[in-house]
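A short write-up of the structure that comes next.
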Amino acid sequence: MAADLSPLEQAAARVGLPGLKARVVPHDRRRGWWFRWGRGELLVSDRVIDRCPPEDACALLMGEVLRSRRAQSLTRALVTVLVLILIPLPFGERNTASGWLFLVVALIAWAIAASYLRSRTVLKADDATVALLGDATPLVRGLNEMNFEEIHLAGKVLPARPDLHRRAERLVAKHGLCDAQPPA
């Protein structure tokens with residue numbers, strides 16, 4: 001029997017993706033994604049359907065859409081900053097030690113800031129998802145269930161999303177949850 005994907009379509013509309021038609025697709029072991037959207041279609045990994053009840057899957061979808069939007073705007077900002085760092089090079093002291101030292105320090109600082117901002121983007125998306133849902137429990141349960149996902153790359157098995165457990169723990173502590181375990 002085919003899964004009812006209408007709750008996922010409604011969740012997508014709730015976060016600004018109206019009119020998407022959901023479809024279950026086989027899990028991609030190499031990439032480990034849960035949802036993909038575009039051209040009027042919402043592709044849902046069969047692992048999400050197998051592991052999560054509809055309420056938790058909807059919370060994961062909403063979080064993923066909000067994270068993606070924030071990540072896109074962050075990427076544009078980071079590229080702009082990188083261009084502003086690199087523009088003065090041809091006109092300044094490009095062949096001196098101080099010029100190269102400036103470039104190296106600026107690029108290292110940019111990389112550290114980018115890493116920090118990306119992790120903050122995920123946490124802000126989680127908080128925005130909880131605000132939309134009004135309850136953190138479905139998102140925490142979904143993150144806990146999907147924490148067991150693995151990707152297979154070059155004969156190695158790696159966690160698909162190593163940050164999920166930390167994100168779930170943060171939400172449990174922040175919202176005072178104690179019953180965020182998946183239903184038995």
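Bear in mind that the values in this text are calculations on the coordinates, not laboratory data. Since the structure is predicted, the reported quantities are computational estimates derived from the model, not experimental observations. Backbone-built Cβ (ideal geometry, glycine too); neighbour counts: all protein chains shown.
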request  = For the chain, with a Gaussian network of springs between Cα atoms less than 10 Å apart, report the residue from Thr129, Thr75, Thr121 with the top mean-square fluctuation.
outcome  = Thr75
task = Identify the residues of region 69-84 with backbone N under 15 Å of a label point that sits 7 angstrom from the Cα of Ala113 along the Cα-to-Cβ direction, or state none.
result = 74-84
message = Explain nothing, just the number: dipole magnitude of region 39-143 about its Cα centre with +1 on each Lys and Arg Cβ and -1 on each Asp and Glu Cβ, in debye rounded to the nearest 20.
response = 360 debye
request  = Find which of Ser115, Phe102, Ala12 sits farthest along the positive direction of the dipole of the chain, computed with +1 on the beta-carbon of Lys and Arg, -1 on that of Asp and Glu, about the Cα centre.
outcome  = Phe102
query = Counting pairs of alpha carbon atoms under 8 Å apart in space and at least six apart in sequence, what relative contact order in percent does the chain give?
reply = 21 percent
task = First measure r as the distance between the Cβ atoms of Asp163 and Trp100, then evaluate 1/(1 + (r/R0)^6) with R0 = 30 Å and state the FRET efficiency to the nearest 0.05.
result = 0.30
message = Just want the answer: with Cβ charges of +1 for Lys and Arg and -1 for Asp and Glu, which residue in Cys58, Val81, Ala125 is farthest toward the dipole's positive end in region 53-175?
response = Val81
